2 protein chains.
Amino acid sequence: LGPTEDDLTKEAVALAAGRELVLDEGLVQELRRRFRGHRPASPEVIRDLARLPRGCRTIANPVGAAVGLDLELEGSRIFVLPGVPREMEAIFTQGVEPMLRRLGSREFTKTLVLRTVGIRESDLALKLRAVRPALEVRLGYLPLTTGVDIRLSLDASDEGEASGRLEAAAERIAPVLGRHLYSRRGQELHAVVGSMLMARGLTIGVAESCTGGLIGHLLTQVPGISACLELDVVAYSNRSKVESLGVDENLISAQGAVSSQVAQAMARGVRERACTRLGLSTTGIAGPSGGSAGKPVGLVYVGLAHSGGCRVTENIFGGDRETIKLRAAIHALDLVRHHMLEGRDQVGKDKGLHSGSDQR
Amino acid sequence: LGPTEDDLTKEAVALAAGRELVLDEGLVQELRRRFRGHRPASPEVIRDLARLPRGCRTIANPVGAAVGLDLELEGSRIFVLPGVPREMEAIFTQGVEPMLRRLGSREFTKTLVLRTVGIRESDLALKLRAVRPALEVRLGYLPLTTGVDIRLSLDASDEGEASGRLEAAAERIAPVLGRHLYSRRGQELHAVVGSMLMARGLTIGVAESCTGGLIGHLLTQVPGISACLELDVVAYSNRSKVESLGVDENLISAQGAVSSQVAQAMARGVRERACTRLGLSTTGIAGPSGGSAGKPVGLVYVGLAHSGGCRVTENIFGGDRETIKLRAAIHALDLVRHHMLEGRDQVGKDKGLHSGSDQR
């Protein structure tokens, strides 16, 4: 629906419907108003955007220039939407879906998604075997790089009843999933962890090596996280680990930058420098090169320093560089979530400084 | 094709083809070998994965457990692939596409993508008007959040001739696009910037506020970037801007953290602390809250400190929090690319330290 030569949909629809393309003067005025200011559009572009099949209705585009179209042809209703995903989504949600609900039958499919992390699809299916017969819903598994979504769905004609049945099924499943379940409302893991940090008033500092800023990027997708995220140091070189995080140079020489000891020193270092309640660190080999027999590509240590000590996990993640980074970042965020679920860092309930470590 | 109850494709194919599902003992052995070690699969899972319609061929899955299937039905060839995108892609590329090339007609569609940044789709189309008639290819525009891709395509039966014609069209278009064109081979902007930094032996330090680690994340997607990226400080709080980057507290009070002056101080600060040739910074308002009449949501300052001074750009990016962060990070990387294209920071050709600033 755009103004360029490969945008042929309006022409195709006009041809199919046997209508001409005509200039919509009202739309011309509206587009002129919108494209005043610092990014003006040329008259040709506006003219191309405002040529519509005669007699069709327009559907407002809240995020872009190309309006959607709505017309009837031989008893069918045709909706025409732009192809840019965020524009298509916005017009569909605001303009088309409500219309379809009025037009369509009363039967619809209602879904509820349970998001899990840290467990394989096949292991989830085994866990759910015992409760499966009692569930009067369809069950779908969607394995993602970051975890597995379980989609519950059913066909219904009553919104409230459908929600009730899905919630009842979720209630039966939730105890089986335990702490692998992190959201029943389609939230991302970083959003859940961000909300938990904010609700608890916990501050955090991050020290990233192999994840390269991804943990910071994910946490800062969450509006309001500035109240919790004090500092994230992406210490990609050994020198920056020493200078910006206070990691002992000799420790790096003795153990290697990718080691449990350095992960711990990074987590403790950023916690101290940022003066935060939690210090989170990653160090690993994202590949494709840099691996060895003893320290293969995918080896990642994650550290979490807190008032009671420092926990370090050793992991081997599969996949390419991008996948290993993402899996490491997700695991790190999940470690913070588990720590909060264990209730060990409640503000005002500090157990005092322990020098002990629960490294494992 | 997976082992869970919602994976019904093998059953459906077996039904359609009138064949039974039988256990492939060879596949059982192979899966047992693969799932030995630290993540063993249960016998049930292996059995489910190894039940295949009788007489079909398997297509190896290089990245997952579910093999692809290949069978004939009434003179048609059916390929069955798993739905996990990276598995589907890997099997298709390695196992199916070569087979299709042998099976199919000699006619195919060949494409070449020119990737641009910093220019709108409609402005691109206007620029290309003059050369358009001479291009004997189809032209498609794909607007992304990060820029606009121009897709050149044609139908052909000879690989070499098709490539030659596409390259000739690209040669005509490239001068019109100028520095907006950053890749002819489908590379991402961060990969191009990373390669340029490495080729020039330039080191860089990054100081991120509103982008929250995204610049570091993008740069560290590039294998080998550790030779150039020394340090990335995500200084989300004012205190961390002062303590970790040496920004003057009074400057923040007087100008606000989101200001041209603070962007400059952050870029200079990280360049100095990381001892790098370049210092890149971002400070802005990603929203949804925190905006004001004078400093609206989407206002982002980007600073680039180099041996000749410091450049700062003022930008207003549209979209939600995620989009603003991404647009700011892309613009920052593009500023580094432009700086390198201008040849102002060649190693060994340092023009000496100027205290002047080309702030604009």
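The values are calculated or read from the model by the stated rules, or taken from the named source; none is laboratory data. Computed from a predicted structure; not experimentally measured. Note that each Cβ is placed from the backbone with ideal geometry, even for glycine, and that neighbours are counted across all protein chains shown. All accessible areas refer to the heavy atoms of the entire protein, side chains included, with ligands and DNA or RNA removed. Shrake-Rupley method; radii C 1.70, N 1.55, O 1.52, S 1.80 Å.
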Scan the range A:299-335 for residues that are open to solvent by less than 50 Å² (accessible area, probe 1.4 Å), away from every other protein chain (no Cβ under 12 Å) and of a type outside the set (A, V, I, L, M) and report the count. 11
Is at least one residue of the range A:43-57 among the charged types (D, E, K, R), under 27 Å from A:Val22 (Cα atoms), assigned to a helix (DSSP H, G or I) and touching a strand residue (DSSP E or B) at 6+ places or on another chain (Cβ under 9 Å)? yes
Is it true that some residue in the range A:175-197 is open to solvent by less than 60 Å² (accessible area, probe 1.4 Å), within 11 Å of chain B (Cβ to nearest Cβ) and of a type in the set (Phe, Trp, Tyr)? no
Taking the condition closer than 20 Å to A:Leu231 by Cα, under 31 Å from the mean Cα position of the chain (by Cα) and not hydrophobic (A, V, I, L, M, F, W, C), does B:Gly256 pass? no
Identify, from the list A:Glu167, A:Glu161, the residue that is open to solvent by 40 Å² or more (accessible area, probe 1.4 Å), among the acidic types (Asp, Glu), part of a helix (DSSP H, G or I) and at pLDDT 95 or above. A:Glu167
If B:Thr93 passes every condition in (1) more than 30 Å from A:Gly64 (Cα to Cα); (2) surrounded by 14 or more Cβ atoms within 10 Å (Cβ to Cβ) but one, which one does it miss? (2)
What residue, among those in the range A:76-99 that are part of a loop (DSSP other than H, G, I, E, B) and at pLDDT 90 or above, is farthest from the other protein chains (Cβ to nearest Cβ)? A:Leu81
All but one of (1) more than 14 Å from every other protein chain (Cβ to nearest Cβ); (2) buried (at least 16 other Cβ atoms within 10 Å of the Cβ); (3) outside any strand (DSSP E or B); (4) of a type outside the set (A, V, I, L, M) hold for A:Lys110; state the number of the condition that does not hold. (3)
Out of all the residues in the range A:247-254, is one or more surrounded by fewer than 19 Cβ atoms within 10 Å (Cβ to Cβ), within 20 Å of A:His190 (Cα to Cα), out of contact with any helix residue (DSSP H, G or I) (no Cβ under 6 Å at 6 or more places or on another chain) and charged (D, E, K, R)? no
What is the one condition in (1) in a strand (DSSP E or B); (2) within 14 Å of another protein chain (Cβ to nearest Cβ); (3) farther than 30 Å from A:Ile215 by Cβ that A:Asp155 does not satisfy? (2)
Is it fair to say B:Tyr236 is under 16 Å from B:Ile215 (Cα atoms) and at pLDDT below 95? yes
For residues that are part of a loop (DSSP other than H, G, I, E, B), under 22 Å from the mean Cα position of the chain (by Cα) and among the basic types (Lys, Arg), tally how many sit in the range B:113-149. 1
Residues (more than 25 Å from A:Pro223 (Cα to Cα) and of a type in the set (Ser, Thr, Tyr)) located in the range B:224-270: B:Ser226
Considering only the range A:258-307, state which residues are part of a loop (DSSP other than H, G, I, E, B), within 16 Å of A:Ile324 (Cβ to Cβ) and touching a residue at least 40 places away in the same chain (Cβ under 8 Å). A:Val258, A:Ile285, A:Ala286
Could you check the range A:198-217 and list, in sequence order, the residues that are in contact (Cβ under 8 Å) with a residue 60 or more places away in the chain, surrounded by fewer than 24 Cβ atoms within 10 Å (Cβ to Cβ) and not in a loop (DSSP other than H, G, I, E, B)? A:Arg200
Within the range B:221-240, is there a residue that is open to solvent by 30 Å² or more (accessible area, probe 1.4 Å), outside any loop (DSSP other than H, G, I, E, B), at the interface with chain A (Cβ under 10 Å from one of its Cβ atoms) and of a type in the set (Ser, Thr, Tyr)? yes
Looking at (1) at pLDDT below 90; (2) exposed (fewer than 14 other Cβ atoms within 10 Å of the Cβ), can you tell me which one B:Arg344 breaks? (2)
Checking A:Val63, A:Val84, A:Val45, A:Val80 in turn, the sole residue that is touching a helix residue (DSSP H, G or I) at 6+ places or on another chain (Cβ under 7 Å), closer than 23 Å to B:Leu142 by Cβ and open to solvent by 30 Å² or more (accessible area, probe 1.4 Å) turns out to be A:Val63
Evaluate the range B:12-33: report whether one residue or more is small (Gly, Ala, Ser), closer than 30 Å to B:Gly104 by Cβ and open to solvent by less than 20 Å² (accessible area, probe 1.4 Å). yes
How do the pairs read when you match residues in the range A:133-152 that are more than 12 Å from chain B (Cβ to nearest Cβ) with residues anywhere that are assigned to a strand (DSSP E or B), using Cβ under 9 Å and keeping only pairs 6 or more apart or on different chains? A:Glu136/A:Leu154; A:Thr146/A:Arg115; A:Gly147/A:Arg115; A:Gly147/A:Thr116; A:Gly147/A:Tyr182
The one condition B:Arg102 fails out of (1) open to solvent by 50 Å² or more (accessible area, probe 1.4 Å); (2) modelled with pLDDT under 90; (3) touching a strand residue (DSSP E or B) at 6+ places or on another chain (Cβ under 8 Å) is (3)
Show the residue pairs that are 6+ apart or on different chains and have beta-carbon atoms under 7 Å apart, the first residue being within the range B:59-79 and under 21 Å from B:Ser42 (Cβ atoms) and aliphatic (A, V, I, L, M), the second being part of a strand (DSSP E or B) and at pLDDT 90 or above. B:Val67/B:Thr58; B:Val67/B:Ile59
Among the residues of the range B:253-270, count how many are farther than 19 Å from A:Gly246 by Cα and within 14 Å of chain A (Cβ to nearest Cβ). 3
